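The values are calculated or read from the model by the stated rules, or taken from the named source; none is laboratory data. Computed from a prediction, not measured in an experiment: that's the story for all the values here. Counting neighbours? That spans all protein chains shown, and the Cβs are built from the backbone with ideal geometry, glycine included. Note: accessible area is taken over every heavy atom of the protein model, side chains too, but ligands, DNA and RNA are not part of it. Shrake-Rupley method; radii C 1.70, N 1.55, O 1.52, S 1.80 Å.
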Amino acid sequence: MARGDSPEAKAALSDLCAAYYAPVFAFIRCNAANEDSARDLTQEFFSRLLARQGIGTVDPQRGRFRSFLLGAVKHFLADMRDHSHRLKRGAGQVLESIDPGTDTSPGLQLPDPHAPSPDREFDRKWALTLLDRALAALAREHEGKAAHFDALKPWLTGDTDNLSQAETGRQLGLNEGAVKVAIHRLRRRFREVIKNEISQTVNDGTDVDNELQCLLEVMRQ
């Protein structure tokens, strides 16, 4: 994971932030008045994060980047709420609204009991982003065999409805047994790539398996 204040560490942190924009946006969207406000708040969050302003109590060198990022965005939103309240008391202008209501119209809405919690939505988007990055890395490894990879990819993503391994084998010039072996090897390599992706977001190697388990639990929900 990105550490220290060196240019390399800052660049690594910037890359991670760009890669995991979606989970932060999903979390903020659950708290913002509308999508435009959520987008602006997300941009402001990352600007502060990369400039090390306003979230100094959160240390990116402690624990997993996922936990760090979620803690940082919660701290940011709390800071924005405090700032908004101070501006209201001082008759200032609130640039970005977190709450949809106003002083005269609180805009209270009954929560949807079926809607995922902000934390759960953050983890779900995190998991999907991580899987997308792993798939993209795996695709780059198979640039010389793109057709082969594309034909077997559904067995990585679960999109195998109406697909037959025997038919896929005929398309690739392989028998069904060879296809089964190829899928097994690709799944094993996919797992390795996922673990490598996770290793870039943790400080301690022992956290990789824990994060992988969390990923599996999120995807089962």
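Extension gain, D150 to A11, is 46.8 nm, computed as 0.36 nm per intervening residue step minus the present C-alpha separation.
Going by accessible surface with a 1.4 Å probe and the largest first, H83, H148, H184 read H184, H83, H148. To the nearest 10, the accessible area of E35 is 90 Å² with a 1.4 Å probe. Of the peptides 75-81, 212-218, 141-147, the ranking by mean beta-carbon count within 10 Å, highest at the top, reads 75-81, 212-218, 141-147.
Between E192 and R39, what length comes free when the chain is fully extended (0.36 nm per residue of separation minus the Cα-Cα distance, one decimal in nm)?
Length difference between fully extended and current span is 51.7 nm.
Cross-link reach is defined here as a Cα-Cα straight distance under 17 Å, omitting same-chain residues fewer than 8 places apart; for K153 the lysines meeting it are K145, K180. Remark: the E217-S199 segment gains 4.7 nm on full extension, using 0.36 nm per residue and subtracting the alpha carbon distance. For the stretch 159-221, the Cα gyration tensor yields ellipsoid semi-axes of 32, 14, 8 Å (square root of five times each eigenvalue, largest first, whole Å).
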